[in-house]
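Visitor: A single structure is presented below for examination.
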Amino acid sequence: MRSQAQGVLHEESVEAISVPIGRAFATAFNFATDTLTIAELEARKLQHDFTELLTRAVQPALWLLIFGEVLSRIKAIPTGSISYMDFMTPGILAQSVLFIAIFYGIAVIWERDLGIVHKFLASPAPRSAIILGKALSASERGLSQAVIVYLLALLVGVDVNWNPLDVLAVVLVVILGSALFSTFSLIIACLVRTRERFMGIGQVLTMPLFFASNAIYPISIMPRWLQAVSRVNPLTYEVDALRSLMVIGGVSVNGLMIDATALVVGMIVFVIIAARLYPRVAM
């Protein structure tokens, strides 16, 4: 009798544990499905306006072919054991990703005017899944910039690192950077809620974020106040990670774990804030 009672108690305890685990798994699966559905829906827009990706190639080409070539001849910026073009190329990739992602939020304002935001809010998908799905779709534009910058790097003779694992890591860093800054852009769109104000704020933010980073010069030559700003700038950590992975001889000043942690934590914080603010854009 005692053994039977122990067996019943064991079965009940196993069932009590398995039910919450099953619910948690189902919740996580549904969240991932909703996120990927939103990302796939947003990605379809590229099929209707593929020329956007081609026009975006102009900016990194100008920076690398003109600005980079001139400064590499002057040799005024210390870059250690690598050439200035090698030093600059990961920064230009991060800049290209930033410039695309920071204006991503304007799509939300267009969706509000078309009534699409109300449909998203009426769906059973969690708001955080909607925001994360949009952030992942922005990453596809960032990856297109990575392809362009890699091709330009070959053209100008950059010593590119083609190790498959490092290339995969570059892809992950670009996805994280795109998701982080596009989510930040969504927060701005939820706060200002008009296209004119959004464009003005976006244009004001892009250059300070770019120049207050290590994209085109090392942090060590900055004035101290700018060094402090640079260390809280997410773009600095994205560039630092890309520099150690993308070019031969590149090193991470902070360490890849710190860079990745800063990007992941920043993205999570922005997703949480954007998910709380997202209904405001419909008002």
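Visitor: Go through (1) under 23 Å from Asn233 (Cβ atoms); (2) modelled with pLDDT of 80 or more; (3) hydrophobic (A, V, I, L, M, F, W, C) one by one and return the number of the condition Ala138 breaks.
Guide: (2)
Visitor: Identify the residue in the stretch 141-159 that is within 17 Å of Val97 (Cβ to Cβ) and among the hydrophobic types (A, V, I, L, M, F, W, C) and, among all such residues, is modelled with the lowest pLDDT.
Guide: Leu143
Visitor: Filtering the stretch 29-73 down to residues that are surrounded by fewer than 18 Cβ atoms within 10 Å (Cβ to Cβ) and of a type in the set (Asp, Glu), which residue is modelled with the highest pLDDT?
Guide: For the stretch 29-73, the residue satisfying everything is Glu69.
Visitor: I need the full set of residues from the stretch 97-121 which are within 19 Å of Glu238 (Cβ to Cβ) and at pLDDT below 90, in order please. Before you say what the answer is, go through the steps one by one.
Guide: Filtering the stretch 97-121 for residues within 19 Å of Glu238 (Cβ to Cβ) gives 97-105.
Within the stretch 97-121, Phe99, Ile100, Ala101, Ile102, Phe103, Tyr104, Gly105 qualify.
Visitor: Residues being more than 30 Å from Arg195 (Cβ to Cβ), touching a residue at least 60 places away in the same chain (Cβ under 8 Å), surrounded by fewer than 24 Cβ atoms within 10 Å (Cβ to Cβ) and hydrophobic (A, V, I, L, M, F, W, C): count how many of those fall in the stretch 74-111.
Guide: Number satisfying all stated conditions: 3.
Visitor: Next question. Only one of these conditions is not met by Ile273: (1) over 30 Å from Ser123 (Cα atoms); (2) surrounded by 14 or more Cβ atoms within 10 Å (Cβ to Cβ); (3) out of contact with any Pro (no Cβ under 8 Å at 6 or more places or on another chain). Which number is it?
Guide: (1)
Visitor: Sticking with this one: Just checking: which of the helices (runs of 4 or more DSSP H) contained wholly in the stretch 185-249 hold 1 or more residues that are at pLDDT 90 or above, out of contact with any Phe, Trp or Tyr (no Cβ under 8 Å at 6 or more places or on another chain) and among the polar types (S, T, N, Q)?
Guide: 224-230, 234-246
The values are calculated or read from the model by the stated rules, or taken from the named source; none is laboratory data. This structure is a prediction, so every number in the text was calculated from the model and none was measured. Glycine also receives a Cβ, built like all others from the backbone with ideal geometry; neighbour counts cover every protein chain displayed.
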